[in-house]
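Coordinate-derived values only; no laboratory data. Owing to the predicted nature of the structure, the values given are computational and were not obtained by experimental measurement. With ideal geometry, Cβ positions are generated from the backbone for all residues, glycine too; neighbour counts draw on all protein chains shown.
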Amino acid sequence: MKKIEAVIFDWAGTTVDFGSMAPVQAFIRAFEKFGITPTVQEVRTPMGKLKWDHIHEMLQMPRIHQEWIRVQGRDWTREDVDQVYRVSEETILEILPAYAQVKPYVPDAVASLRERGIKIGSTTGYTDEMMEIVSEAARKNGYAPDACFTPNSVGDKGRPYPYMIFRNLEALGISSVESAIKVGDTLADIREGKNAGMISVGVVDGSSVMGLSEEEYKALNAEERFALEERTRKLYLESGADYLIQNFSELEDLILDLEQMAANF
């Protein structure tokens, strides 16, 4: 590996919105409009994918599939996916302003990286319209990346496709995929980074993989927290994560370690 020139971050659950709660609430409310209440686990399983693909995968889950047939009296169609998707889009646009708080340690970590000449890119499952809301709110809260690309900018081929990453590398003038790393909070983030040929890093605290709000996480006792963190780490590693950080306070040290290992080869 060469010197790190850029870090490509995800948004919800990674840099803002501890626990990635906005998408979860939007999907739950959208399905409820059609008479079905998905569990949080059902909602989180496809998290990080393009939103339409996310809903499509949920409708194929056995319990939700059977519930749809029971409530609607027929099997679902692609038009039904479109309808649930439209409701979820309307819902998330309404609630996003309340879910744009920057996660702990993020502003300081980003400032430290910039002091070292490292550029900040970003990919997301949000649309351009959603990002207008989130970006402005995050900027006011102390976080603004140097570049951001949504699925809209790559023909709606979102994660785990690597194309949003490639657009970032181009916009930031990065010399190679070996000179950047991807940091995210979903399994789709990890696969996106690996598909781009990059080192992929999973964030434990406040991640969609962990699946808890900040209040829920703080309410855990030591034993519960340890068990949940171990489960989160296991899922990341099974999906191909190269490294894990507890939170953004560990990011700069990881980058220094990576550069030192490269220098020793």
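Our compactness index for region 126-265, the C-alpha radius of gyration over the empirical 2.2 N^0.38 Å, is 1.12.
Sorted from largest to smallest, which semi-axis lengths in Å does the alpha carbon gyration tensor of region 109-169 give for its equivalent ellipsoid, taking the root of 5 times each eigenvalue?
21, 16, 7
With a Förster radius of 41 Å applied to the C-beta separation of residue 83 and residue 115, the computed FRET efficiency comes to 0.25. Per residue, the Cα convex hull of the chain amounts to 123 Å³.
Label-to-label distance for residue 156 and residue 247 is 3.8 nm, based on points extended 7 Å past Cα in the beta-carbon direction.
Bridgeable aspartates and glutamates around residue 140 (alpha carbons under 20 Å apart, same-chain partners fewer than 8 residues away excluded): 10, 17, 94, 108, 128, 129, 132. Of all lysines in the structure, the ones whose alpha carbon falls short of 28 Å from that of residue 157, not counting any fewer than 8 places away in one chain, are 33, 49, 51, 103, 119, 182, 194, 234.
The GluC sites (Glu not before Pro) of region 137-204 include none that DSSP puts in a loop with a beta carbon having at most 16 other beta carbons within 10 Å.
Can you divide the C-alpha Rg of region 1-121 by 2.2 N^0.38 Å and report the result to two decimal places? Cα-based Rg divided by the globular estimate yields 1.33. Note on the chain: GNM, Cα springs under 10 Å; of 240, 193, 206, the largest mean-square fluctuation is that of 240. Using a 10 angstrom cutoff on alpha carbons, build the Gaussian network for the chain and name the most mobile of 103, 194, 234. Result for the chain, Cα springs under 10 Å: 234 fluctuates most. Dividing the radius of gyration of the alpha carbons in region 60-179 by their Kirkwood radius gives 1.09 for Rg/Rh. The label-point distance for residue 132 and residue 61, in a model that sets each label 7 Å from Cα toward Cβ, rounds to 3.2 nm.
Based on C-alpha pairs under 8 angstrom that are at least 6 apart in sequence, region 139-230 has a relative contact order of 20 percent.
Can you give me the Rg/Rh ratio for region 52-106, using Cα atoms for both radii and the Kirkwood formula for Rh?
Over the Cα atoms of region 52-106, Rg/Rh equals 1.16.
The angle between the Cα long axis of helix 163-172 and the longest principal axis of the Cα atoms of the chain comes to about 40 degrees, rounded to the nearest 10. On full extension, the segment bounded by residue 98 and residue 41 gains 18.3 nm, given 0.36 nm per residue less the C-alpha separation. Restricting the trypsin sites (Lys or Arg not before Pro) of region 1-45 to loop positions (DSSP other than H, G, I, E, B) with no more than 15 neighbouring Cβ atoms within 10 Å leaves 2, 3, 33.
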